[in-house]
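Trainee: The structure's right below; bear with me while I get my questions together.
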Amino acid sequence: MTDSPVPPSFADLQQWTAMIGRAQQMMLEQSVAVLDGSAGNAAADGTPPRDPWADSMAAWQQFIAASLPPEQQQPSSDKRFTAPAWQQNPFFATLRQAYEFMADQLMRSVETMPGADDKQRAQMRFAMRNFVDALSPTNFPFTNPQVIERTLQTRGDNLRKGLQHMLADIARGQMTHTPHDAFELGRNLATTPGKVVLRTPLYELIHYTPTTPQVLETPLVIFPPWINRFYILDLSEEKSFIRWCLDQGISVFMVSWKSADASMKEVGWRDYIAAQIGAIDTVRDLLDVPAVHAIGYCVAGTTLAATLALLAARREAAKVASATFFTAQVDFTRAGDLATLITDDVLDRIDALSPEGFLDGRYMATTFNMLRSRDLVWNYVTNNYLLGEDYAPFDLLHWNGDVTNLPARWHRSYLADLYRDNLLVKPGAITIDGTPLDLGAVQTPAFVQAGREDHIAPADSVWEITRHFRGPVRFVLAGSGHIAGVVNPPAARKYRYWTNDQPTGSFAEFVEGAIENAGSWWPEWLSWLRSHGTTMVDAVGARIPGQGKLPALDDAPGRYVRER
């Protein structure tokens, strides 16, 4: 196998596809023979019968083995092929080797495709990866030894159950990852006590009940992404970032965005920035404090950067004492796989899919699932559709499937202005109410967290914030990805994080000189936050939800998080 393979021809693809198709047919024939009790029966004269299927399989094995390089005939490290049959059964071992060879050749061919620029190659890489993942023999009943064995054991009941799962998902228009009745808001999710103290057409503001006699004078306002529900930061009690903050003596406010409907079809950049400033001003007025600490997660972090730029231009930057960014991007030059999907055709399709002015959240869920299709699509096809297994309860996956609708105009603008045109890092390219935005004017102290395995906001892309802000920036690289890298409570003793106190001009330099630390980065953030003010006040009066100027409207987690 050469380092620069020639891209496969149409005839090559036909050959490999026919080979895998023939394998499925052969396994079907053999399975039917076994179920009929005909396999292995002796002839009338006592001589063993010829087995055409076995003969065909042997010839097929020889043909494939002769086509594979020696290194492709070794045991697989791919977790899809951990069943013993993939290594020990000659037929399945050869099938697996043939698939892995084909997948490797196809993926390598993208890198040597002539005439393609970087963006086109990235698009081809994404498409090819999804193609080869879809073609895996584990995804088909007659080329997966575990499915064949389960089908024989249950006399097909696994396929009946799997069909029920698939039909239910088709009816929902969304793939299931966990039982629908395993989790309930207010029962075992989003249980941290608090009150909704403000409701606008775009968001609710939740004020959480203090758990300590005294709290930091400067409160914390959290802006979660509007493409998901806020309770990713308030899952079970032991995983809740909100509850942990309360226990550290922080006054916590959370924005809960409204899932879009037809009334929000005109919502855009200006509205989400105004919402962030409105929430900040509401908390400042409620607690009679000059400033707040702010957190922006993912897309809400991108908007928080724009908000800081607008406040700086208005000479109101002092309203935010510090800003924290969870896996947020401002410079989309290296925005990862998601950026490869943003074309003019895709943007136009948003309009076609949003006749009432909002985009059904299931479309976004499908998009994010396809970014990790092997884990979030085909894994469930195999386990729940083919093997007929029941879904395992998992709070994070329940949240992942709890989709929100998006204002179509705003979503289209976000993708075009940022992922396609990268306007936010161009001074003056985005204007809000006549005020041009310039990230270079932001001097607010910032804490920037990135996930080392983040496939949505790549760590080197998140790093770019440090190049555009002019104030002091603390960058921390967390283990794991876009969600688990953020939701990592210290008590779990999981993962690691990396820091570097030396001046660094690039992400590569940061990584090269970084110090590895065990466990959660949350205490690192808390220490940084306290470095921007340690004054404590009694948790009384307006510090208790509903006892200040704003009466309680509802118990947390509020109404908007329940709307579909």
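The values are calculated or read from the model by the stated rules, or taken from the named source; none is laboratory data. Everything quoted here is computed from the prediction, not taken from an experiment. With ideal geometry, Cβ positions are generated from the backbone for all residues, glycine too; neighbour counts draw on all protein chains shown. Only protein heavy atoms, including side chains, enter the accessible area calculation; ligands, DNA and RNA are left aside. Shrake-Rupley method; radii C 1.70, N 1.55, O 1.52, S 1.80 Å.
Trainee: If you take the residues of the range 238-275 that are assigned to a helix (DSSP H, G or I) and of a type in the set (A, V, I, L, M), which of them is farthest from PRO407 (Cα to Cα)?
Mentor: Result: LEU246.
Trainee: When both residues are 6+ apart or on different chains and their Cβ atoms are under 7 Å apart, which pairs have a first residue that lies in the range 486-498 and is over 12 Å from GLU453 (Cα atoms), and a second that is in a loop (DSSP other than H, G, I, E, B) and basic (Lys, Arg)?
Mentor: ASN488/LYS494
Trainee: Going by the conditions given, is LEU341 open to solvent by 40 Å² or more (accessible area, probe 1.4 Å) and without any contact (Cβ under 8 Å) to a residue 60 or more places away in the chain?
Mentor: In short, no.
Trainee: Tally the residues that are assigned to a loop (DSSP other than H, G, I, E, B), of a type in the set (Gly, Ala, Ser) and modelled with pLDDT of 95 or more, restricting the search to the range 286-343.
Mentor: Count: 2.
Trainee: Filter the range 538-557 for residues that are closer than 18 Å to SER251 by Cα and either surrounded by 17 or more Cβ atoms within 10 Å (Cβ to Cβ) or among the charged types (D, E, K, R) (or both) and give the result.
Mentor: ASP538, ALA539, ALA542, ARG543, PRO545, LYS549, LEU550, ASP555, ALA556, PRO557
Trainee: Which residues, counting only those in the range 306-327, are over 21 Å from SER531 (Cβ atoms) and open to solvent by less than 10 Å² (accessible area, probe 1.4 Å)?
Mentor: Within the range 306-327, ALA306, THR307, ALA309, LEU310, LEU311, THR327 qualify.
Trainee: I would also like to ask the following. I want to confirm something. Restricting to the range 508-526 and keeping residues that are within 22 Å of PRO489 (Cα to Cα) and open to solvent by 80 Å² or more (accessible area, probe 1.4 Å), which single residue is nearest to the chain's Cα centre (by Cα)?
Mentor: Step by step, filter the range 508-526, then rank; the result is GLU516.
Trainee: Same structure, new question: Taking LEU198, is it more than 17 Å from HIS411 (Cβ to Cβ), open to solvent by 20 Å² or more (accessible area, probe 1.4 Å) and part of a strand (DSSP E or B)?
Mentor: It is true that LEU198 is more than 17 Å from HIS411 (Cβ to Cβ), open to solvent by 20 Å² or more (accessible area, probe 1.4 Å) and part of a strand (DSSP E or B).
Trainee: Return the total of residues in the range 465-475 being open to solvent by less than 20 Å² (accessible area, probe 1.4 Å) and either without any contact (Cβ under 8 Å) to a residue 24 or more places away in the chain or within 16 Å of CYS298 (Cβ to Cβ) (or both).
Mentor: Total meeting the criteria: 1.
Trainee: If VAL215 satisfies all but one of (1) surrounded by 17 or more Cβ atoms within 10 Å (Cβ to Cβ); (2) out of contact with any Phe, Trp or Tyr (no Cβ under 8 Å at 6 or more places or on another chain); (3) closer than 18 Å to ASP555 by Cβ, what's the number of the condition it fails?
Mentor: Checking VAL215 against (1) surrounded by 17 or more Cβ atoms within 10 Å (Cβ to Cβ); (2) out of contact with any Phe, Trp or Tyr (no Cβ under 8 Å at 6 or more places or on another chain); (3) closer than 18 Å to ASP555 by Cβ, the one that fails is (3).
Trainee: If a residue must be open to solvent by less than 50 Å² (accessible area, probe 1.4 Å) and within 22 Å of TYR385 (Cα to Cα), how many such residues does the range 122-144 contain?
Mentor: Of the residues in that region, 12 qualify.
Trainee: Still on this model: Cβ-Cβ under 8 Å, sequence separation 6+ or interchain: first residue in the range 408-433 and farther than 14 Å from ALA339 by Cβ and charged (D, E, K, R), partner open to solvent by 20 Å² or more (accessible area, probe 1.4 Å) and at pLDDT 95 or above. Which pairs?
Mentor: Short answer, once both residue conditions are applied: none.
Trainee: Sticking with this one: Answer yes or no: is there a residue in the range 227-249 that is touching a strand residue (DSSP E or B) at 6+ places or on another chain (Cβ under 6 Å) and among the charged types (D, E, K, R).
Mentor: no
Trainee: Which ones in the range 389-432 are of a type in the set (Phe, Trp, Tyr) and either open to solvent by 20 Å² or more (accessible area, probe 1.4 Å) or over 25 Å from SER256 (Cα atoms) (or both)?
Mentor: TYR391, PHE394, TYR419
Trainee: State which residue is nearest to SER251 (Cα to Cα) when the search covers only the range 264-291 and only residues that are in contact (Cβ under 8 Å) with a residue 60 or more places away in the chain and of a type in the set (Lys, Arg).
Mentor: Of everything passing the filter in the range 264-291, ARG270 is nearest to SER251 (Cα to Cα).
Trainee: Moving on to the next point. Would you tally the residues in the range 439-448 being part of a loop (DSSP other than H, G, I, E, B) and open to solvent by less than 60 Å² (accessible area, probe 1.4 Å)?
Mentor: 3
Trainee: Report those strands (runs of 3 or more DSSP E) wholly inside the range 449-564 carrying at least 2 residues which are within 25 Å of ARG229 (Cα to Cα).
Mentor: 473-478
Trainee: How about the range 136-177: which of its residues are out of contact with any helix residue (DSSP H, G or I) (no Cβ under 7 Å at 6 or more places or on another chain) and outside any helix (DSSP H, G or I)?
Mentor: Residues satisfying the conditions are ARG155, GLY156.
Trainee: Out of the range 178-191, which residues are in contact with a Pro (Cβ under 8 Å, 6 or more places away or on another chain) and in a loop (DSSP other than H, G, I, E, B)?
Mentor: Of everything in the range 178-191, those that are in contact with a Pro (Cβ under 8 Å, 6 or more places away or on another chain) and in a loop (DSSP other than H, G, I, E, B) turn out to be THR178, PRO179, ALA182, PHE183, GLY186, ALA190.
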